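Working notes, structure below.
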Amino acid sequence: MSNTLKKEDDKMYTTTLCFLLKKDKILLGMKKTGFGQGKYNGFGGKLKDGETILQATVRELKEESGIQVAEGQLAYVGKLDFIFPASPQLRHDVHIFLVHTWQGEPVETKEMKPQWFSQSDIPYNEMWQDDIYWLPTVLAGKIIEGTVIFAENNEDVAEFKFL
Ligand SMILES: Nc1nc2c([nH]c(=O)n2[C@H]2C[C@H](O)[C@@H](COP(=O)(O)OP(=O)(O)OP(=O)(O)O)O2)c(=O)[nH]1
């Protein structure tokens, strides 16, 4: 029995997330479908079988915003582990990137509606609740690694730790 549970716990999946920056602005998208629907976020999603993290980051950005980047235009800024004690199967990690140069203009897609925000006016109250703990640090130029433990409702942050 405990072996079965262990196997389930091991099924953590991997996702990507990237933020475009232009002068003092940050591009966020209002997520229209799927996990995080109704929240502003950067662009990203799950790795497909056989994909590297960089390949998935490039593909998800293109699918969700129409923006094309080369892997060399992705600046790695950190990794977070999301733990949902009430729903262990939701556990996943996210690899985060900043993008300063790219090809094309953001367009609305079936998944995301893109919008530029001033970095001093990021709508944290319409984002994942953990973002305010780490996004300012990322935007200040630091590389982060951390763990987010969500509360029973899978929404509120019970604990945030930088490793
Ligand atoms: N800023 C932020 N992003 C998060 C949090 N949790 C979380 O999964 N994300 C990101 C990682 C991914 O970019 C995205 C979820 O990806 P997903 O693959 O589950 O989304 P999806 O339902 O659209 O599925 P798909 O596009 O891969 O098919 O949300 C969070 O707490 N804060």
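Normalised by 2.2 N^0.38 Å, with N the number of residues, the alpha-carbon radius of gyration of region 124-163 equals 1.18.
Taking Cα centre as origin and charging only the Cβ of basic (Lys, Arg, +1) and acidic (Asp, Glu, -1) residues, the dipole magnitude of the chain rounds to 320 debye.
Compared with the rule-of-thumb size 2.2 N^0.38 Å for a compact globular protein, the chain has a Cα radius of gyration ratio of 1.03. Estimated from the Cβ-Cβ distance and a Förster radius of 30 angstrom, the FRET efficiency linking ASP24 and ASN125 is about 0.90.
Please work out the Cα center distance from region 70-130 to region 141-155, rounded to the nearest Å. One Cα centre to the other: 13 Å.
Dipole magnitude for region 88-148: about 100 debye, using +1 per Lys or Arg Cβ and -1 per Asp or Glu Cβ, origin at the Cα centre.
Straight-line reach from LYS113: taking Cα to Cα under 18 Å and skipping same-chain neighbours fewer than 8 places apart, the lysines in range are LYS22, LYS25, LYS31, LYS32, LYS39, LYS62. By the Cα gyration tensor, region 67-163 has an equivalent ellipsoid whose semi-axes, rounded to whole angstrom, run 25, 16, 14 from largest to smallest. The label-point distance for THR52 and TYR76, in a model that sets each label 7 Å from Cα toward Cβ, rounds to 1.0 nm.
Only the coordinates and a few stated rules stand behind these numbers; no lab work does. Since the model is a prediction, treat every value here as computed from it, not as a measurement. All Cβ positions, glycine included, derive from the backbone under ideal geometry; neighbour counts span all protein chains shown.
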